[in-house]
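Here the structure comes first, spelled out in structure tokens, and everything after it is commentary.
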Amino acid sequence: MVSLKNLATLAMSLLPLTDAAAIPPKDKSNLQIYQKRYYDYDHEEVIRGVNIGGWLVLEPYITPSLFEKFGTNDNNDDGIPVDEYHFCQQLGYDAAKDVLTAHWDSWYTEDDFAKIADMGFNLVRIPIGYWAFNTLNNDPYVTGLQESYLDNAIQWSANHGLKVWVDLHGAAGSQNGFDNSGLRDTINFPHDDGNLQLTLKTIKYLLNKYSQQQYIETVIGIELINEPLGPSMDLDKLKNDYLQPAYDYLRTEVGNTDQIVVIHDAFMSNDHWDNFLVGENAYGVVLDHHHYQVFSSGELQRNIDDHVSVACDWAQGHLSDAHWNVAGEFSAALTDCAKWLNGVGVGARYDGSFNKGDQSSFYIGSCADNENINSWSDDRKSNTRRYVEAQLDSFEERGGWIIWCYKTETSIEWGIDKLAANGLFPQPITDRQYPGQCGNVQEQSSTDTSVATSPNGPDYSNVDVSGVDFSKINYN
């Protein structure tokens, strides 16, 4: 088992880029063939999706105004809850219910889904936490209300021709210690049996409900759990006691042969999953890859040519997968300057203010006036557009992509609505100012010598360790 502390150290010490051998695509004869399926991710319309972030699962950097009101010191983040768990705990159940209901009513409406469709997207990925359906005895979460909003979103999607992934974004006890799991700085899934069983109960409910005929034409994927931190957990237990039972439940007890199961790669190498849920008795599985280049100082120091090269190389791994696959998260970001992106009270690596536990950072560039597009240089704007286009082209070499996320209150780099309004995200989606950046990805050589491109080792470079306070991490 790789400790989170060692994982962070490794991510923070990426080596400079040099030439390395490319990962060749697998022979097509070795790829999983799905004879039973509803949506064929290799042969039907390529996925061009967007994440519905910060709605049914809070993230401080997406909607900072919800969290800022807790502050007790204008000069720092004292008093501000670090995640939804502590948000609800500090407010108390009734007050949290009132605040969150107002948020759920307003942050996304059908008008947003209409705009998403008009922009040329064909799918939305909707994160939701286990606590929307079931809670542990001492959980402070508001529960039992989010499901109706999810159902509304699925209907809105159907109304506007969008497909949907239902994404279980947070497991009981947290599967990664990130704030976007609902509970930061703790990993108590799947090794805690109570947390495992409650999460399994939740995913079975989702699999059963959203695989019924009234949903099956719109919901074309149910993600069993978002971003389990594979290098820091017992992956055999995750597979054997959670993923496999969930898959078996869908195919045998629900009896659905059409619904697609989505599994996140757990930040492991592409070939790690080639022997799991494959063969004659397994089908309809999509592997979800998340790719970012802003969660270590090594990545942040890359120039735009290197950022583009790494993005194009990601297609190599996608082509090599035995499963269908989609890049279920990535972004336009080339800095980590967005307020609270790395977590409340943490700072940014880019400007050297990142300081958490025994982790620190050094100055790479300024984050001043980051959310004012008029302060962005022409180079920064063109580099952002280049990077976005390279990623879209790379991921369309296989099943497609779902960018993170549609909107934020303030961040430009992380909000597609703001990027598109400023010409930094292509409209129409197929428009290219920088065509052909990735060339023939099957013939390219990888330029990234970090562990990310190792065909036999964990993919650490894309692990967002920013949400974990390693000095306080609890594995009990």
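The values are calculated or read from the model by the stated rules, or taken from the named source; none is laboratory data. Keep in mind that what you see is a predicted model, and the values were worked out from it rather than measured. In this analysis, Cβ positions are derived from the backbone assuming ideal geometry, glycine residues included, and neighbour counts consider all displayed protein chains. Surface accessibility is based on the protein's heavy atoms, side chains included, excluding ligands, DNA and RNA. Shrake-Rupley method; radii C 1.70, N 1.55, O 1.52, S 1.80 Å.
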Kindly list, by first and then second residue, each pair from a residue in segment 112-129 that is of a type in the set (S, T, N, Q) to a residue that is part of a strand (DSSP E or B), limited to pairs with Cβ atoms under 8 Å and residues at least 6 apart or on different chains. 122/47; 122/48; 122/49; 122/163
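Inside segment 215-249, can you point out the residues that are open to solvent by 30 Å² or more (accessible area, probe 1.4 Å) and either within 17 Å of residue 168 (Cβ to Cβ) or at pLDDT 95 or above (or both)? Can you show your working first?
To start, the set of residues in segment 215-249 that are open to solvent by 30 Å² or more (accessible area, probe 1.4 Å) comprises 215, 217, 234, 236-237, 240-241, 244-245, 248-249.
Answer for segment 215-249, where residues must be open to solvent by 30 Å² or more (accessible area, probe 1.4 Å) and either within 17 Å of residue 168 (Cβ to Cβ) or at pLDDT 95 or above (or both): 215, 234, 236, 237, 240, 241, 244, 245, 248, 249.
Among the residues of segment 417-440, count how many are in a helix (DSSP H, G or I) and either open to solvent by 60 Å² or more (accessible area, probe 1.4 Å) or aliphatic (A, V, I, L, M) (or both). First the steps, then the outcome.
Filtering segment 417-440 down to residues in a helix (DSSP H, G or I) leaves 417-421.
Now drop any that are not either open to solvent by 60 Å² or more (accessible area, probe 1.4 Å) or aliphatic (A, V, I, L, M) (or both), which leaves 419-421.
Residues flagged as in a helix (DSSP H, G or I) and either open to solvent by 60 Å² or more (accessible area, probe 1.4 Å) or aliphatic (A, V, I, L, M) (or both) within segment 417-440 amount to 3.
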Of (1) touching a Ser or Thr at 6+ places or on another chain (Cβ under 9 Å); (2) of a type in the set (A, V, I, L, M, F, W, C); (3) touching a residue at least 60 places away in the same chain (Cβ under 8 Å), residue 216 fails just (1)
Name every residue in segment 278-315 that is in contact with a strand residue (DSSP E or B) (Cβ under 8 Å, 6 or more places away or on another chain), over 30 Å from residue 338 (Cα atoms) and open to solvent by 10 Å² or more (accessible area, probe 1.4 Å), in order of residue number. 278
Test for residue 460: is it modelled with pLDDT under 95, part of a loop (DSSP other than H, G, I, E, B), of a type in the set (Phe, Trp, Tyr) and open to solvent by 10 Å² or more (accessible area, probe 1.4 Å): yes
If we ask which residues in segment 365-395 are open to solvent by 50 Å² or more (accessible area, probe 1.4 Å) and either within 19 Å of the chain's Cα centre (by Cα) or among the hydrophobic types (A, V, I, L, M, F, W, C) (or both), their number turns out to be 1
Of all residues being within 20 Å of the chain's Cα centre (by Cα) and of a type in the set (Phe, Trp, Tyr) in segment 81-131, which is nearest to residue 340 (Cα to Cα)? Just the residue, please. 85
Of all residues in segment 267-282 being of a type in the set (S, T, N, Q) and modelled with pLDDT under 90, the one that is nearest to residue 238 (Cα to Cα): 270
